[in-house]
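One structure is given here, and the rest of the page talks about it.
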Amino acid sequence: MSYEKQTWNKYDDLKTEEENIVNGAVVTDNRMNHIEEGIYSHTIDISNPHKVTAAQVGLDKVDNIKQASKVEFDSHTNDTSNPHKVTATQLGLDKVDNIQQAAKIDFDSHVNNKANPHAVTASQVGAYSKQEIDTKLSKAVMADDSGKVTVSNTIDSGQVKTATINTGYGRSAVITRIGNTVTITSQNQHSSVPANGSWQRGIGTLPLGFRPVADALIYNHDLSNASKFSWSLFHPNGAIDLFSNGNITTSDYILSSGQFWITKDDFPN
């Protein structure tokens, strides 16, 4: 039963007590009991008498649906039988075969195996086999432990011709042709300071009879300071280029030795 609101009036001294009671100006046991009953009735009213909404209590985003019990939720959480039917495609693994993988220890063992476990051959990596290397070395020009080069089975084998050339900035070198092989030797100084840090083109000319079949790059270095070195580039047309590094001076002794190239020039007179 809903609570019926009571009206309270001001006590009128010109009226009798009974008249003031009837007029609602006197607190009586009936009126107090009515208030108590109204308060109690409101207290036990579970029909939302204040019309509270979900939004008012911060639950406007919650759907009015049945919730799982804690037992049901825990049971679902601990279910490892793929209850949602998740597929490999959904996980981005549709290209992966369902096969046994190698153990980490097996994989590491294979990675660290240096005994050619895949039996890779020299031809597969574009290299020469031992037999091919031995064959090619048997035809190559080789120096012995003393630095002596013996040349055989070449055109004009046994003929020797020597010349002195200017390799740039007043520094000379001795070139020697034996058969089709030309060697260069030099241990001296420049008469003028070479340009540092850039290629100087055409600073000398290699005479006919000694020119390489392809560009030949020769390394020159200071005897006491490794940071001072230079490169001499000999072209098939005879041009000589020079690149110097380390600010070489005219007091530095520059060494060129034990280096050679092949020529197809006619043997010089």
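What follows is calculated from the coordinates using simple rules that are stated; it is not laboratory data. Because the structure is predicted, anything quoted here is derived from the model rather than measured. Every residue, glycine as well, gets a Cβ built from its backbone with ideal geometry; the counts of neighbours run over all protein chains shown.
Data table
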{"item": "Cα centre as origin, Lys/Arg/Asp/Glu Cβ charges: the range 1-119 dipole, Debye", "result": "980"}
{"item": "Pairs of lysine residues in the range 51-122 - Cα separation under 25 Å, sequence separation of 8 or more or cross-chain", "result": "8"}
{"item": "Lys, Arg +1 and Asp, Glu -1 on Cβ, resulting dipole of the chain about Cα centre, debye, nearest 20", "result": "2700"}
{"item": "Reachable lysines from K161, criterion Cα separation under 28 angstrom, eight or more residues apart if same chain", "result": "K136, K139, K148, K264"}
{"item": "Listed residues V174, T16, N245: farthest to the positive end of the dipole of the chain (Cβ charges)", "result": "V174"}
{"item": "Positive dipole terminus of the range 1-69, leading residue within A25, H50, I39 (C-beta point charges)", "result": "H50"}
{"item": "The chain: most fluctuating residue of G246, G58, G179 per GNM, C-alpha cutoff 10 Å", "result": "G58"}
{"item": "Value at 222 nm in deg cm²/dmol, rounded to 500, when DSSP H runs of n ≥ 4 in the chain each add -39,500 (n - 2.57)", "result": "-4500 deg cm²/dmol"}
{"item": "The chain: C-alpha gyration tensor shape, a/c 1.5 cut-off, then a/b vs b/c", "result": "prolate"}
{"item": "Residues T185, T80 arranged by fewest to most Cβ contacts within 10 Å", "result": "T80, T185"}
{"item": "Relative contact order of the range 176-269, pairs being alpha-carbon contacts under 8 Å that are 6 or more residues apart, as %", "result": "43"}
{"item": "Charged-residue dipole, Cβ positions (Lys, Arg, Asp, Glu), the range 4-72 about Cα centre, Debye nearest 20", "result": "560"}
